[in-house]
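This report refers to the structure that appears directly beneath it.
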Amino acid sequence: MSPQDNSAAANESAEMGKKLKGPLSQRTSLIPQNVAKALSNAIPPNNLEIERLVLGALVLEKDAFSQVDEILEEDCFYDPKNKLVFKAIQMLALEEKPIDIQTVIEQLKLNGDLKKTQALTYVPTLAAIVNSTAHLEAHSRLLYDKMVQRQLISFGNEVIKNAFDEEISVLDTMQEAESRLFEITQGANKDDVQRVNELINNTINEIQKAATRTDGMSGVETGFPDIDKVTSGWQKSDLVIIAARPAMGKTALVLSMARSMAVDYNIPIAIFSLEMSKNQLMTRLVVNHTEIPNDSIKRGMLTDTQIGQLTSGLGELERAPIFIDDNAGLTIFDLRSKARRLVRSDGVRVIFIDYLQLMTASGLSKNANREQEVSTISRSLKQLAKELDITVIALSQLNRGVEQREGKQPQLSDLRESGAIEQDADMVCFIHRPEYYGIVESKDGKDMRGMAEYIIAKHRNGPTGTIYLQFQSDIIKFRPEHQSMSDMGYLKTVESKLNTPVNPLADHDDEDSFAP
């Protein structure tokens, strides 16, 4: 470096030092500019030679575009001229017109891009440099990867810029970053189309597994045999919506199912609760599992018998593979990240969300309304179920239309805030407790006291119908219609020493408990 260069660099450094000692607003605006300036000196990832080879192959071979139309898009091309040529080829393909040198030049003329691309000489040159289209797909994937790299760099620059800007809240910066990264990864994780002969072996294996089971189940047991008869269990990649008006027992049903899956069948499940805290959920789980009345546990007024039940029941619950998240500000991106980790590390097979309308979808335009946001959430939940090959069960609120209807029975049109929920879901179920509305007898004369209707209103892969469940308000629990408390394996009948106080935290050789 010459003395003049050294002197210039020193002056620039001194000037920057003065600015950095200036007002805060001046310093914060300077930092991202210098970061961006430093990064701008590096050329973004690209391969212009491969771009020209790919375009040449598309012009040269009439059927070449069909090989790569699901891989390539305009932004795969870094050179603006190449991007315009590809746009012309794409338009010809969409209109099912032949693709060759002359038609591409003509399309560029119609697009007003003839001079920008110097098409009269450039397009023939592209065709002349290609000898074979043998590596077209591999070259196209390389261009796609380069595009993703550029998107990640752009994403990183934007995050840095926003992080330095003190006028943008941290929450907005994080949500925008989550949304943008989710968009990039969704595009990068596109699955290839497969022939049926590549898929048939997996299908045969699933059929053989089902054939070995005597219970006719192909999915995860719900703990409710009558529901399992209709659904064959919760199926992989399904989005299930369980909806009801407030106080119908949505959370109670979820906990009843979750406890049964994890304790009785040892199936790892996760609960994402946006409404209740971890402690509240755990208390409800303890009540659900031990069947000690909720009021007795809340007030701490337990009999010796109940303390025995609590002691014997907590061990089973403690070993159950249940994972709970109570982040009230859960976004779709948060859920996706946590769900992927839980599936990968802990083998989680079912995810419960309580409840859908409390979630947020970041990255929407400022003019987006609540219906659009809920639509984005429901669509993303279905994508999540499909991507991770698990069951996603989301609770949902119903609108007030139910209250105005005779019989108060819910319908699909009652789904709150978005019809997209019905569209995206593989199954939509309702919880209806007529007794809550003072209705103690059904139309066919069935006694509905202490009963609930589990209505399967939409079932993409099976029948619909109504299933009756018992609801016990004192323990906030649903159980199968004909199941008694003595059927529950975790309730043990043993001799009780009623005159001896029991410490639930102490070790007990004898489980001093019995079923109430």
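The values are calculated or read from the model by the stated rules, or taken from the named source; none is laboratory data. Bear in mind the structure is a predicted one, so any value in this text is a computation, not a measurement. Backbone-built Cβ (ideal geometry, glycine too); neighbour counts: all protein chains shown. Each accessible area value is taken on the protein alone, full model and side chains, heavy atoms only, with ligands, DNA and RNA left out. Shrake-Rupley method; radii C 1.70, N 1.55, O 1.52, S 1.80 Å.
Quick notes on this one:
- The length gained on full extension between TYR265 and ASN205, counted as 0.36 nm times the residue separation minus their Cα-Cα distance, comes to 19.4 nm.
- Note on the stretch 53-167: lysine pairs with Cα distance below 21 Å, sequence gap of 8 or more or different chains, count 19.
- Förster radius 41 Å - calculated FRET efficiency between GLU318 and ALA247, Cβ distance, rounded to 0.05: 0.85
- Taking all protein chains into account, the per residue accessible area for the stretch 374-476 stands at 45 Å² (1.4 Å probe).
- Rounded percent of accessible protein surface that carbon and sulfur make up, the stretch 233-390, 1.4 Å probe: 46 percent
- Segment GLU406..GLN372, full-extension length gain: 9.2 nm, with 0.36 nm per residue of separation and the alpha-carbon distance subtracted.
- Inter-centroid distance (Cα atoms) of the stretch 304-330 relative to the stretch 123-165, Å: 51 Å
- The stretch 289-339 - accessible surface per residue (Å², probe 1.4 Å): 43 Å²
- Here the calculated FRET efficiency for LYS97 and GLU158, from their Cβ-Cβ distance with R0 = 45 Å, stands at 0.70, rounded to the nearest 0.05.
- For the stretch 82-192, with all protein chains in place and a probe radius of 1.4 Å, 55% of the accessible heavy-atom surface sits on carbon or sulfur.
- Relative intensity, log₁₀ I(q)/I(0), of the stretch 250-364 from a Debye sum that treats every alpha carbon as a point, q = 0.18, 0.22, 0.24 Å⁻¹: -0.93, -1.23, -1.37
- On the beta carbon distance between GLU73 and ASP295, with R0 = 41 Å, the FRET formula returns roughly 0.10.
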